[in-house]
Every structure is written in structure tokens, then in C-alpha cells.
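One structure is given below, encoded as C-alpha cells.
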């Protein structure tokens, strides 16, 4: 059998995997907004409207099927080579339509109006909005079902869950240090309950000092000093270390335990803000920041 025929066989086999849809069959699923999604056949041209969705697609080996992404989809590097269709909430509908997708993976930031217009164009749209770490695993499973890559999704979620469970087991029964995550410094903003970051802190064996807040909210410097976190973690990005540098340079924080003990850490904002497979990389980083004694 020629190499080309082998590739075609494997592709069709993937689309015909349990829960997937080979040509002529129908796949139904429910997205994170409770919307029913129906696909005829196995999608071969996929547009992603969020970096997290893009990372899931590539992690499932679907890079060749991705025909369009947002301007913010920068991982893996291969995603940078894909056609750009706009930003989170500034989707260029004409570009999307020109790519002739048979599936669009959107997010809540895409906007209800944009999702509705895409569907009016006859394009199936699934909206992903994962709720914490478990929600990420559920979304990977959902994308696997929609794209006929159930087996790959099962393998990926199994690996990610094993790593999550390993962190939980290592930190079980340990004292929970007080942790504050600096989303931004001007104004000072923390990550309260209902955020990925809060889930990361708790799962990694810490106690979030901003747990009484809901979502991402401002906190006065006086309150932060009073709560005296033992660990401070700050967002960074390419050429963006302002929040981390602010913590180290702010004179009024010199007496806070995290600064006195040298327990101020920087983490890539993409890892902690995207509901994709790399969220578990962030979890392992958090565990090492919060419980360094386990990693000596």
C-alpha cells in the first residue's frame, strides 16, 4: 500500500472512531453553553477563535485541519503560520467564510452576535468555556468527539489527569501557604474565586488570599499587606514583566512575607489564562512555587 493510501486510511479511521463521524454519518454534542451541535461527516477545515481552542486542536494532532486562527494564537509555533481571522471579539466574518470551514470553535469572548451570524451562514459553531481544570479536560473530550479524535482525546486527558492527580497527592495533608496572584499592578488586581488561577492555587496546595473576591478584581495595597501572603506569583509575557518587577520594587511590600523570604515568582500569563492542555504545566509550576520542599 502506498504511503498516500496509508495516510488516507488512517485519516478515515480517525473520523470513524467511536463517537466520531465518518462521511455520511452525524455527530451530535453539547457545547459549554448548553447548545446542541450537529455535524455531518468529519470536519476537515476548522477555524479556531481562541488561543486555548487552537492549543487543544494541535495537541490532538489536528494542526493540518486548522485553516484559520486569531491574531493571539501563538502556540504552538505552527499556529503562527495559519490564516488570521481577527481577534477575540473582532472576528472578520468574511475571512472566516472565505476559508470554507466545516467547524468553528469559538469562546464566550467571541460574542453571541458573531456566533449567531456564523450559524446563519451555515457554519457549525461550538463554544468552549471551560470551568476550571476539570472543565479543560471536558473540553478536550468534546473537541475529540466533534473531530473524530476520541482516542487521542482520551489519551491526552488521561495523561493530564494523571499529572493533576500527582500534584494533589504530593500536596495532600501539607500546610497551605497563603498565596496572592498579581494579575496586574496598576491598579493592583488579584484573581478571586471562579478563575483558573484560583483553581490552580487551591489544587497546588495553597490558600488564595483573594478567595473572598469573585473573578478578577482590584485589591488595595493595604489589604494585600494585611493579608501578608507567604507566596506571590505575578503574570509575565513577552517583554512584559511589569507586575513582577513592581512587586520586587514596591517599598511598601518589603515587609510582606513573600518578599522577605524571596518567594516572589513569575509565570507566563498564557499558561494560566488559557483553558488548554498547558494549564497543567501551570499547575506544576504553582506546586513548585508553593511547596518548593517537594522539588528539592
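The values are calculated or read from the model by the stated rules, or taken from the named source; none is laboratory data. Remember, it's a predicted structure, so these values are computed and weren't measured experimentally. Counting neighbours? That spans all protein chains shown, and the Cβs are built from the backbone with ideal geometry, glycine included.
For segment 98-110, a residue qualifies if it is crowded, with 16+ Cβ neighbours inside 10 Å and over 14 Å from residue 128 (Cβ atoms), and the qualifying residues are 99, 101, 102. Can we say residue 74 is surrounded by 13 or more Cβ atoms within 10 Å (Cβ to Cβ), part of a loop (DSSP other than H, G, I, E, B) and modelled with pLDDT of 60 or more? Yes. Among the residues of segment 171-192, those identified as in contact (Cβ under 8 Å) with a residue 40 or more places away in the chain and out of contact with any strand residue (DSSP E or B) (no Cβ under 9 Å at 6 or more places or on another chain) are 171, 174, 186.
Looking across segment 267-296 at every residue that is surrounded by fewer than 20 Cβ atoms within 10 Å (Cβ to Cβ) and touching a strand residue (DSSP E or B) at 6+ places or on another chain (Cβ under 7 Å), the one that is modelled with the highest pLDDT is identified as 285. The single residue among 143, 179, 125 that is within 20 Å of residue 197 (Cβ to Cβ) and buried (at least 22 other Cβ atoms within 10 Å of the Cβ) turns out to be 179. Against the conditions (1) at pLDDT 95 or above; (2) outside any helix (DSSP H, G or I); (3) touching a strand residue (DSSP E or B) at 6+ places or on another chain (Cβ under 9 Å), residue 200 satisfies every one except (2).
For segment 183-216, residues that are crowded, with 21+ Cβ neighbours inside 10 Å and at positive phi total 1. With the structure loaded, tell me whether residue 250 is at pLDDT 95 or above, farther than 29 Å from residue 51 by Cα and surrounded by fewer than 19 Cβ atoms within 10 Å (Cβ to Cβ) or whether it fails that test. So residue 250 fits the description; yes. The residue that is nearest to residue 98 (Cα to Cα), counting only those in segment 40-61 that are touching a strand residue (DSSP E or B) at 6+ places or on another chain (Cβ under 7 Å) and in a loop (DSSP other than H, G, I, E, B), is 45.
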